[in-house]
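Trainee: Structure in structure tokens, see below.
The values are calculated or read from the model by the stated rules, or taken from the named source; none is laboratory data. Keep in mind the model is a prediction, meaning the values are calculated, not measured. As a convention, Cβ positions derive from the backbone with ideal geometry for all residues, glycine included, and neighbour counts pool all protein chains shown. Side chains are part of the model used for accessible areas, which takes the heavy atoms of the whole protein and leaves out ligands, DNA and RNA. Shrake-Rupley method; radii C 1.70, N 1.55, O 1.52, S 1.80 Å.
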Amino acid sequence: MIVDSSALPEQVTRDVLSSAFQSAGQRCSALRVLYLQEDVADAMLAMIRGGLEALVIGNPEDLATDIGPVIDAEARTKLEELVAAMKRKGRTVWRRDLPASCQKGHFVAPTIIEIDGIADLTEEGFGPVLHVARFRADRLEQVIEAINATGYGLTLGLHSRIDTTVRLVEARARA
């Protein structure tokens, strides 16, 4: 998802939380990388983290649950290894605390990791892990090129109220 400075923070937060964390991030169309225009990145991240704090982590049989476990122990281990590798690389990592009721099972703490760009990722993790990169407004075309260079992109979200930005992303992004 690409978010520019014209985006409405409440809408961005709602869409990020829904796409990145519901279904424990295990949909193939789940949000993995969020590009935030640097002018608004700190405020947007604060709002997203605040919204994430309000979500309920627990048993998916409970209708109040927003984020359940991942599919199995192998998936959990792989995700924890990916997060640990990012920490070792010195990335800023923010994680929710898991409730006591989630200490057993295959729960992964919802995580936000700051990266320089999509090229920092060597593999995709299917779980409640969101990578966030900042970009300068004058580098939007390079962001699109970097996304396209991965060779995959089932979905792409865009939050912008600027028609020329929308047309540019529609024309250039291969998703």
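Trainee: How much of the accessible area of region 1-124, probe 1.4 Å, is carbon plus sulfur, in whole percent?
Mentor: For region 1-124, the apolar C and S fraction of the accessible surface comes to 49 percent.
Trainee: What is region 18-175's relative contact order, in percent, from Cα pairs under 8 angstrom and six or more apart in sequence? It would help to have the intermediate numbers written out before the result.
Mentor: Values: 217 pairs, mean separation 42.9, N = 158.
The value is 27 percent.
Trainee: Could you tell me which label, among [x] -0.20, -0.62, -0.72; [y] -0.44, -1.01, -1.05; [z] -0.24, -0.73, -0.83, carries the value of log10 I(q)/I(0) by the Debye sum over Cα atoms at q = 0.08, 0.14, 0.15 Å⁻¹ calculated for this structure?
Mentor: Here the calculated entry is [z].
Trainee: Here is a follow-up. Give the distance, in whole Å, between the Cα centre of region 46-66 and the Cα centre of region 85-127.
Mentor: 16
Trainee: Under a 1.4 Å probe, what is the accessible area of region 28-175 per residue, stated in Å²? Can you show the working numbers first?
Mentor: Values: 8260 Å² over 148 residues.
About 56 Å² of surface per residue is accessible.
Trainee: Then there is this: Provide the net charge surrounding residue 150, with neighbours chosen by a C-beta distance below 15 Å and charges set as Lys +1, Arg +1, Asp -1, Glu -1. Present the calculation step by step, with values, prior to reporting the outcome.
Mentor: Numbers: positive: 32, 172, 174; negative: 116, 120, 123, 124, 145.
Every neighbour counted, the sum reads -2.
Trainee: GluC sites (Glu not before Pro), restricted to region 84-175: which are DSSP loop and have at most 15 other Cβ atoms within 10 Å?
Mentor: Passing sites in region 84-175 are 123, 124.
Trainee: If amide hydrogens are placed 1.01 Å from N in the peptide plane, which non-local residues have theirs closer than 5 Å to the one on residue 34?
Mentor: 131, 132, 133
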